[in-house]
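One structure below.
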Amino acid sequence: MVAYRVVISTELPIPPLEMRQLVGQTDVSAFDNSTGALIFDFVDASAFKSVFDFGCGCGRLARQLIQQRPRPERYIGIDLHAGMIRWCQRNLAPAAPAFTFLHHDVYNYHFNPNGVRDQVLPFPAESKSFTLVEAWSVFTHLVEEQALQYLHEVARILAPHGVFHSTWFLFNKFDGFPMMTESQNALYVSHRDPSAAVVYDRSWLRDTVASAGLAIYRVWPVRPAARGFQWHVLMSHADSRDPFDWPEDDRPPGAGWNRPPSLPQEPAHVGLDAD
């Protein structure tokens, strides 16, 4: 029998408000898992053996996983925001030696404007090495070329029978968007910063996932949220799951109550100004 030590909630620092604003979750309860329960009830407990957290931010899920029973045997979290990674390295990693946080130094208009100009970099992980790959509110901020390449990276590092959980903004371009051609698959909310929010055609997602050797096996809306907000999408290697049907969006229409909080000034400097 392996004994697991559960870190009490108050022993782990909570990220400062300005970091929580950057990731869109300002309520401190969103960072806590004081009961030690599995943080996701939609995957088997075995999926938590090794976790790769793509876009870990200031450690919202990492903090919950450190408190989880059982804790993952291995965790790698990457993010393009250097200050949030530094905060995780200083405040979370000491409580969990198997947890590693790495700066993914790709360019982003708001969060990493001085980084390398690459739009995509390989994941710092071995092939077929992670039982759970996580990307919460990441593909909602990737342009099409990035999404395509990162789906292939997910397929590379995902273990056989592993699970890939991600969230997406989705629409059906063949229902009410006659101006869009076969090669046009995404909607962007900002010409200055296309990564602000990206909405993908769901048929493009299905086909692109298949081209990467993955398959979608479950889709459901993020709740509580307004109609048109993010969708949970579960994927695995294409040979290990049955196909799925797209569900209807039965969420009620909302009037702005899923808008992210305002960003602090100079968001790329958050967590770095003390140096």
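Just to be sure, is residue 153 under 15 Å from the mean Cα position of the chain (by Cα) and either at pLDDT 95 or above or more than 26 Å from residue 23 (Cβ to Cβ) (or both)? Yes, satisfied. Please find, within region 146-181, the residue that is surrounded by the most Cβ atoms within 10 Å (Cβ to Cβ) out of those that are within 21 Å of residue 223 (Cβ to Cβ) and of a type in the set (A, V, I, L, M). Ranking the candidates gives 163 first. Taking the criterion of being of a type outside the set (A, V, I, L, M), closer than 20 Å to residue 234 by Cα and more than 17 Å from the chain's Cα centre (by Cα), the residues of region 14-48 that qualify are 44, 46.
Kindly check whether there is at least one residue in region 75-84 that is touching a strand residue (DSSP E or B) at 6+ places or on another chain (Cβ under 6 Å) and outside any strand (DSSP E or B). For region 75-84, residues touching a strand residue (DSSP E or B) at 6+ places or on another chain (Cβ under 6 Å) and outside any strand (DSSP E or B): present. Taking residue 124, is it in contact with a strand residue (DSSP E or B) (Cβ under 7 Å, 6 or more places away or on another chain), at pLDDT 95 or above, of a type outside the set (A, V, I, L, M, F, W, C) and part of a loop (DSSP other than H, G, I, E, B)? Judged against the criteria, residue 124 is a match. Return yes when residue 76 is within 15 Å of the chain's Cα centre (by Cα) and of a type in the set (A, V, I, L, M) and no when it is not. Criteria met by residue 76.
Of everything in region 21-36 that is of a type outside the set (A, V, I, L, M, F, W, C) and assigned to a helix (DSSP H, G or I), the residue that is surrounded by the fewest Cβ atoms within 10 Å (Cβ to Cβ) is 29. Can you confirm whether region 107-119 contains a residue that is touching a Phe, Trp or Tyr at 6+ places or on another chain (Cβ under 8 Å), at pLDDT 95 or above and surrounded by 16 or more Cβ atoms within 10 Å (Cβ to Cβ)? Checked region 107-119: no residue is touching a Phe, Trp or Tyr at 6+ places or on another chain (Cβ under 8 Å), at pLDDT 95 or above and surrounded by 16 or more Cβ atoms within 10 Å (Cβ to Cβ). When residue 210 is tested against (1) over 18 Å from residue 159 (Cα atoms); (2) assigned to a helix (DSSP H, G or I), only condition (1) is not met.
The values are calculated or read from the model by the stated rules, or taken from the named source; none is laboratory data. Everything numeric here is computed off the predicted structure, so don't read it as measured data. Cβ coordinates were reconstructed from backbone atoms using ideal geometry, including for glycine residues, and neighbour counts include every protein chain displayed.
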